[in-house]
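Participant: What follows is a single structure, and I will ask about it in a moment.
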Amino acid sequence: MAGQQQGVVVAGAAGGLGQAVCAALRAGGWQVCAVGRSAERLSVLGDPVLRVVADVSSAEGAKAAIEQASALFGAAPAGFVNCAGAVSLAPLHRTSSEAWRACLAANLDTAFFGLAAFVDAARQAGQPAAAVMVSTVAARIGTPNHEAVAAAKAGVEGLVRAAAATYAAARIRVNAVAPGIMDTPAVGGLIGTPAAREGAAKQYPLPGIGDPADLASLIAWLLSPAAGKVTGQVWAVDGGFSAIRPLVR
Ligand SMILES: NC(=O)c1ccc[n+]([C@@H]2O[C@H](COP(=O)([O-])OP(=O)(O)OC[C@H]3O[C@@H](n4cnc5c(N)ncnc54)[C@H](OP(=O)(O)O)[C@@H]3O)[C@@H](O)[C@H]2O)c1
């Protein structure tokens, strides 16, 4: 099976997508190390998932996360997924500098420092490796009130392409996924009532709210040897929102 016995680090693992990714990777035979800022929140991931408490939004935190995971695995991780992030919605003129900085920390700093620590360890180990970052549909097509998160995730997509180019010769692959709305705690406030849920679902050419388990399957595939020729790509999983405009009847 793909990834048998190899170690993969999942940052933001206690979140809605993070939990689905840990489950998909376990099912695919990976040894999973879940990283998050709270031991209590990580405890939702039962054994045999390994757990490390660290904050990957700083260089020191990300380095500590990869070092501790490597110690638990007994080797550098072969995979890394950054599921840390936050959905912050407000029009630009009502986005405070604190909210902007928090959005950058959650979405871009975690990707930048997490990926940096991972590729450094993989490079030193001299082994093939793969990473997946999480962007958003809002980085590709303008959607109202998404200015901060769209800017941060566009940064993530640029990071992915540049890092994929830098580390291709070292056989380290870097890709991203860009989902539309998914049923996770991050958007609980947006789809908390049946009417709000229906309204959100109708925005998509293929209507509906995404299931994090479906995105987790794609992420697991991107880490697997079957995706061995795939790097520097952003995979839209958004019901066609960013690419097509069906006839409105
Ligand atoms: N849900 C959606 O509709 C949707 C749509 C498009 C993109 N996304 C993206 O999908 C990814 C997963 O989100 P989700 O829906 O699973 O959200 P979630 O359930 O809220 O989980 C997000 C995780 O991010 C971590 N995190 C938040 N801020 C952080 C910070 N400043 N530093 C370090 N870690 C931080 C949290 O980890 P702790 O446990 O450490 O607090 C949390 O577990 C995110 O990148 C999000 O932007 C989600």
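Participant: Does residue 38 satisfy the condition of being of a type in the set (Ser, Thr, Tyr) and either surrounded by 16 or more Cβ atoms within 10 Å (Cβ to Cβ) or more than 9 Å from the ligand (Cβ to nearest atom) (or both)? Break it down into steps so the answer makes sense when it comes.
Facilitator: Values: of a type in the set (Ser, Thr, Tyr): yes; either surrounded by 16 or more Cβ atoms within 10 Å (Cβ to Cβ) or more than 9 Å from the ligand (Cβ to nearest atom) (or both): no.
For residue 38, the condition - of a type in the set (Ser, Thr, Tyr) and either surrounded by 16 or more Cβ atoms within 10 Å (Cβ to Cβ) or more than 9 Å from the ligand (Cβ to nearest atom) (or both) - is not met.
Participant: Further, regarding this structure: Which members of region 65-113 meet the condition of being touching a strand residue (DSSP E or B) at 6+ places or on another chain (Cβ under 8 Å), within 13 Å of the ligand (Cβ to nearest atom) and without any contact (Cβ under 8 Å) to a residue 60 or more places away in the chain?
Facilitator: Those that are touching a strand residue (DSSP E or B) at 6+ places or on another chain (Cβ under 8 Å), within 13 Å of the ligand (Cβ to nearest atom) and without any contact (Cβ under 8 Å) to a residue 60 or more places away in the chain: 65, 111.
Participant: Are any residues in region 202-216 surrounded by fewer than 17 Cβ atoms within 10 Å (Cβ to Cβ) and either at negative phi or within 19 Å of the chain's Cα centre (by Cα) (or both), and if so, which ones?
Facilitator: Across region 202-216, the qualifying residues are 202, 203, 205, 206, 207, 211, 213, 214.
Participant: Identify, from the list 21, 56, the residue that is within 13 Å of the ligand (Cβ to nearest atom) and under 11 Å from residue 110 (Cβ atoms). It would help to see each step written out before you state the result.
Facilitator: Details: 21 fails: under 11 Å from residue 110 (Cβ atoms).
Going through 21, 56 in turn, the sole match is 56.
Participant: On to the next question. Among what's in region 125-140 and is surrounded by fewer than 24 Cβ atoms within 10 Å (Cβ to Cβ) and closer than 17 Å to residue 9 by Cα, pick the residue that is modelled with the lowest pLDDT.
Facilitator: Top of the filtered list is 127.
Participant: Here's a check for you: in region 70-84, which residue that is within 18 Å of the chain's Cα centre (by Cα) and of a type outside the set (Phe, Trp, Tyr) is surrounded by the fewest Cβ atoms within 10 Å (Cβ to Cβ)?
Facilitator: Applying the first criterion (within 18 Å of the chain's Cα centre (by Cα)) to region 70-84 yields 77-84.
Those left that are additionally of a type outside the set (Phe, Trp, Tyr): 77-79, 81-84.
Details: 77: 28, 78: 24, 79: 28, 81: 32, 82: 28, 83: 29, 84: 28.
Ranking the qualifying residues of region 70-84, first place goes to 78.
Participant: In addition: For a quick check of your reading of the model, give me the residue pairs whose first member lies in region 145-170 and is free of Cβ contacts under 8 Å to residues at least 40 places away in the same chain, whose second is surrounded by fewer than 19 Cβ atoms within 10 Å (Cβ to Cβ) and of a type outside the set (Gly, Ala, Ser), with beta-carbon atoms closer than 8 Å and at least 6 apart or on different chains.
Facilitator: Note: pairs meeting the criteria are 150/143.
Participant: If residue 13 satisfies all but one of (1) surrounded by 22 or more Cβ atoms within 10 Å (Cβ to Cβ); (2) more than 11 Å from the ligand (Cβ to nearest atom); (3) of a type in the set (A, V, I, L, M), what's the number of the condition it fails?
Facilitator: Unmet for residue 13, out of (1) surrounded by 22 or more Cβ atoms within 10 Å (Cβ to Cβ); (2) more than 11 Å from the ligand (Cβ to nearest atom); (3) of a type in the set (A, V, I, L, M): (2).
Participant: For residue 48, which of the numbered conditions (1) more than 17 Å from the chain's Cα centre (by Cα); (2) closer than 25 Å to residue 152 by Cα; (3) away from the ligand (no atom under 11 Å from the Cβ); (4) not aromatic (Phe, Trp, Tyr) fails to hold?
Facilitator: Condition (2) is where residue 48 drops out.
Participant: Looking at region 18-77 only, could you name the residues that are part of a strand (DSSP E or B) and closer than 17 Å to residue 112 by Cβ?
Facilitator: The first filter runs over region 18-77 and keeps only residues part of a strand (DSSP E or B), leaving 31-36, 50-53.
Residue satisfying the conditions is 35 alone.
Participant: Still on this structure, I have one more. Determine whether region 46-61 contains at least one residue that is touching a Lys or Arg at 6+ places or on another chain (Cβ under 9 Å), among the charged types (D, E, K, R) and more than 18 Å from residue 219 (Cβ to Cβ).
Facilitator: Within region 46-61, one or more residues are touching a Lys or Arg at 6+ places or on another chain (Cβ under 9 Å), among the charged types (D, E, K, R) and more than 18 Å from residue 219 (Cβ to Cβ).
Participant: If you don't mind, there's one more thing I want to ask. Show me the helices (runs of 4 or more DSSP H) entirely contained within region 130-239 in which 3 or more residues are closer than 25 Å to residue 119 by Cα. Before you say what the answer is, go through the steps one by one.
Facilitator: On the way: elements: 147-167, 194-201, 212-223.
The qualifying helices (runs of 4 or more DSSP H) are 147-167, 212-223.
Participant: Go through (1) within 25 Å of residue 200 (Cβ to Cβ); (2) modelled with pLDDT under 95; (3) not small (Gly, Ala, Ser) for residue 144 and report which single condition fails.
Facilitator: That leaves (2) as the condition not met.
Participant: Counting only residues that are modelled with pLDDT under 95 and in contact with a Gly (Cβ under 6 Å, 6 or more places away or on another chain), which one in region 1-42 is nearest to residue 226 (Cα to Cα)? Show your work before the answer.
Facilitator: Taking region 1-42 as the starting set, the residues that turn out to be modelled with pLDDT under 95 are 1-5.
Checking the rest, the ones that are also in contact with a Gly (Cβ under 6 Å, 6 or more places away or on another chain) come to 1-4.
Details: 1: 11, 2: 8, 3: 10, 4: 13 Å.
Result: 2.
The values are calculated or read from the model by the stated rules, or taken from the named source; none is laboratory data. Not measured: the values here are computed from a predicted model. For neighbour counting, all protein chains shown are included, and Cβ atoms are generated from backbone atoms with ideal geometry for every residue, glycine included.
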